[in-house]
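The values are calculated or read from the model by the stated rules, or taken from the named source; none is laboratory data. Here the structure is a predicted model, which means the values were calculated and not measured. Because the Cβ atoms are built from the backbone with ideal geometry, glycine has one as well, and the counts that use them run over all protein chains shown. These accessible areas exclude ligands, DNA and RNA; they are computed on the full protein's heavy atoms, side chains included. Shrake-Rupley method; radii C 1.70, N 1.55, O 1.52, S 1.80 Å.
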Amino acid sequence: MRISVIGCGYLGAVHASAMAELGHEVVGIDVDPRKIEALAAGRPPFFEPGLAEILTSATGSGRLRFSTEIADAASAEVHFLAVGTPQSSDTHAADLTHVDAAFESLLPHLADGALVVGKSTVPVGPAARLAARLADEAPHASLAWNPEFLREGFAVKDTLEPDRLVYGVADDHAASVLDHVYRAAIEAGTPRLKTDYATAELVKVAANAFLATKISFINAMSEIADATGADVTLLADAIGHDARIGRRFLNAGVGFGGGCLPKDIRAFTAHADELGRGESLRFLKEVDAINLRQRQRVVDLAIETLGGSVFHKKIAVLGVTFKPESDDVRDSPALDVAVQLKGLGAEVIATDPQGIENARLRHPQLEYTSSTSEALRGADLMVLVTEWREYRSLDPVVTGRLVAGARGIDGRNVLDPVAWRKAGWGYRGLGRP
Ligand code: UDX
């Protein structure tokens, strides 16, 4: 099929490349000329495992093009709206400016029978509103809402092999067009749910709210574990064996961050307030508060471990991204901890396999090194806040020879406390005795 993808960020660039990988003819559109130039040259503007491979193969074959001109989307049969919906500057609500601007710019270019497909994360409402705009301005076109559940770090796999497809549609025709787009996944037996617009919009924010709640639940348990001497990692294993609960997303630590979970739960609560249903989602405010408290807990542990003050102490912060296998530092708990420690007068040296460039743009006041051993050399304290494989596999004996003080805070509960203590380290996790 001929497809356009409007917005080429973390979502759109992957979606465009994956659609071309599936054999479609795709044009990616973005207003940022630097992003478009990089993508057209086969260079992903951010780190995402597997993206460079499918991007180069698709641009090389001619199936994937990029442009800053929305008119270049005119011949497409299906248009995916994949622009961002950031948190508004003055409230917690989602800012829909980019969705509206992309949609309005596309309107004059819609061919007969074109399908506009919303992918951006939104509150309930925009789909019906945009469908009404189409009915007035371009009745020859129709609209679907098809939320995206990709995880950074697994974005290519999640797009090519989604665990479910959700089509918010007003008629069977739109669903059959989407079936063509996702033929490979459908033939592979991927569950496909056909819903109304409101349900499709709600599925995405509800899924993210549930995941955030699961993480904050286990982090709350880790606070109780700290107060009682219990071990939250064993607790998670034990409750996780109950198939109704499940072990995934029960890793206690410095908490969730990134471009989705934090902003989506805030936008969801703001939306509930607008609907006069604030009390229904009041618990999400608590989920947010528990999550932010984890960052403070790591900072407080650092102060305690260093005898009451971090002032002029050298602290190696391992990780700045919000999760491993990503270069994304948006709302990153790791970077937040580094900044707070620096603010308290510590000599922070932060390191990360992929995130330094993005971190430096936001926080140039921090010192960075790409070398883990350089960060650790002479450190009074090691703080692990993003569980990159190379930090998880650090050898406590070798690491012990690098640092000035063998004290470690495991902000992701991924190191083996027994091995680290045996090597002479003062080990502290979150909710681990
Ligand atoms: C999330 C959703 O998973 C995805 O479906 C949606 O499309 C976008 O938002 P992503 O932001 O890529 O994806 O990251 P995710 O893997 O969900 O992790 C979010 C945060 O939670 C990370 O900071 C991670 O470190 C943290 N996390 C995750 C925990 O602290 N504990 C866990 O057990 C799991």
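Inside the stretch 252-265, can you point out the residues that are in a loop (DSSP other than H, G, I, E, B) and either open to solvent by 20 Å² or more (accessible area, probe 1.4 Å) or away from the ligand (no atom under 16 Å from the Cβ) (or both)?
Correct list: C260 only.
Give the residues of the stretch 81-98 that are crowded, with 16+ Cβ neighbours inside 10 Å and either part of a loop (DSSP other than H, G, I, E, B) or touching a helix residue (DSSP H, G or I) at 6+ places or on another chain (Cβ under 6 Å) (or both), sorted by residue number.
L81, A82, V83, G84, T85, Q87, S88, H92, A93, A94, D95, L96
Regarding the stretch 264-280, can at least one residue be identified that is in contact with a Phe, Trp or Tyr (Cβ under 7 Å, 6 or more places away or on another chain), in the same structural domain as D331 (by TED's automatic domain parsing) and at positive phi?
no
Confirm whether A38 is among the aliphatic types (A, V, I, L, M), over 15 Å from G118 (Cα atoms) and out of contact with any helix residue (DSSP H, G or I) (no Cβ under 8 Å at 6 or more places or on another chain).
Here the answer is yes, as A38 does meet what is asked.
Could you grab me the full set of residues in the stretch 301-310 that are of a type outside the set (A, V, I, L, M) and open to solvent by less than 30 Å² (accessible area, probe 1.4 Å)?
none
For the stretch 124-148, how many residues meet the condition of being outside any loop (DSSP other than H, G, I, E, B) and more than 16 Å from the ligand (Cβ to nearest atom)?
Residues meeting the conditions: 15.
Every residue, every condition in (1) touching a Gly at 6+ places or on another chain (Cβ under 9 Å); (2) crowded, with 22+ Cβ neighbours inside 10 Å, yes or no:
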| residue | (1), (2) |
| --- | --- |
| A267 | no, yes |
| H271 | yes, yes |
| V287 | no, yes |
| I290 | yes, no |
| V298 | yes, yes |
| H312 | yes, no |
| T321 | yes, yes |
| P324 | yes, no |
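Look through the stretch 326-365, keep the residues that are surrounded by 19 or more Cβ atoms within 10 Å (Cβ to Cβ), polar (S, T, N, Q) and outside any loop (DSSP other than H, G, I, E, B), and return whichever of them is farthest from the ligand (Cβ to nearest atom).
Here the residue is T351.
Kindly check whether there is at least one residue in the stretch 203-212 that is over 17 Å from the mean Cα position of the chain (by Cα) and closer than 26 Å to D416 by Cα.
no
Tally time: how many residues in the stretch 407-423 are of a type in the set (D, E, K, R) and in contact (Cβ under 8 Å) with a residue 24 or more places away in the chain?
So the answer is 4.
Test of understanding: among R432, R421, R412, which residue is assigned to a helix (DSSP H, G or I), open to solvent by 10 Å² or more (accessible area, probe 1.4 Å), among the charged types (D, E, K, R) and on the phi < 0 side of the Ramachandran plot?
Only one candidate qualifies: R421.
Given the options T190, T159, name the one that is within 12 Å of the ligand (Cβ to nearest atom) and in the same structural domain as A94 (by TED's automatic domain parsing).
T159
Specify which of the listed residues (A230, A316, A243) is more than 11 Å from the ligand (Cβ to nearest atom), in contact (Cβ under 8 Å) with a residue 60 or more places away in the chain, open to solvent by 20 Å² or more (accessible area, probe 1.4 Å) and not in a helix (DSSP H, G or I).
A230
Quick one: in the stretch 398-409, which of the residues that are in a loop (DSSP other than H, G, I, E, B) and aliphatic (A, V, I, L, M) is most open to solvent (accessible area, probe 1.4 Å)?
Checking each candidate, the answer is A404.
Which residue pairs have Cβ atoms closer than 7 Å, lie 6 or more positions apart in sequence or on different chains, and pair a first residue in the stretch 248-260 that is within 7 Å of P333 (Cβ to Cβ) with a second residue that is more than 6 Å from the ligand (Cβ to nearest atom) and assigned to a loop (DSSP other than H, G, I, E, B)?
V254/V385; V254/G411; V254/R412; G257/D331; G257/S332
Across the stretch 27-47, what is the number of residues that are outside any helix (DSSP H, G or I) and without any contact (Cβ under 8 Å) to a residue 40 or more places away in the chain?
Here the count works out to 9.
Could you list, in sequence order, all residues of the stretch 149-191 that are in a loop (DSSP other than H, G, I, E, B), under 20 Å from E201 (Cβ atoms), open to solvent by less than 60 Å² (accessible area, probe 1.4 Å) and touching a strand residue (DSSP E or B) at 6+ places or on another chain (Cβ under 9 Å)?
Listed by number, the residues that qualify are F149, Y182.
Yes or no: A128 out of contact with any Ser or Thr (no Cβ under 9 Å at 6 or more places or on another chain) and of a type in the set (A, V, I, L, M)?
yes
Would you confirm, using the coordinates I've provided, whether A73 is under 25 Å from L143 (Cβ atoms) and either in contact with a Leu (Cβ under 7 Å, 6 or more places away or on another chain) or surrounded by fewer than 24 Cβ atoms within 10 Å (Cβ to Cβ) (or both)?
yes
Name the residue, out of F249, F210, that is over 30 Å from Y427 (Cα atoms), within 11 Å of the ligand (Cβ to nearest atom) and surrounded by fewer than 18 Cβ atoms within 10 Å (Cβ to Cβ).
Just one listed residue meets the conditions, F210.
Restrict the check to the stretch 113-120 and report whether at least one residue is within 16 Å of the ligand (Cβ to nearest atom), in a loop (DSSP other than H, G, I, E, B) and either touching a Leu at 6+ places or on another chain (Cβ under 8 Å) or modelled with pLDDT under 95 (or both).
yes
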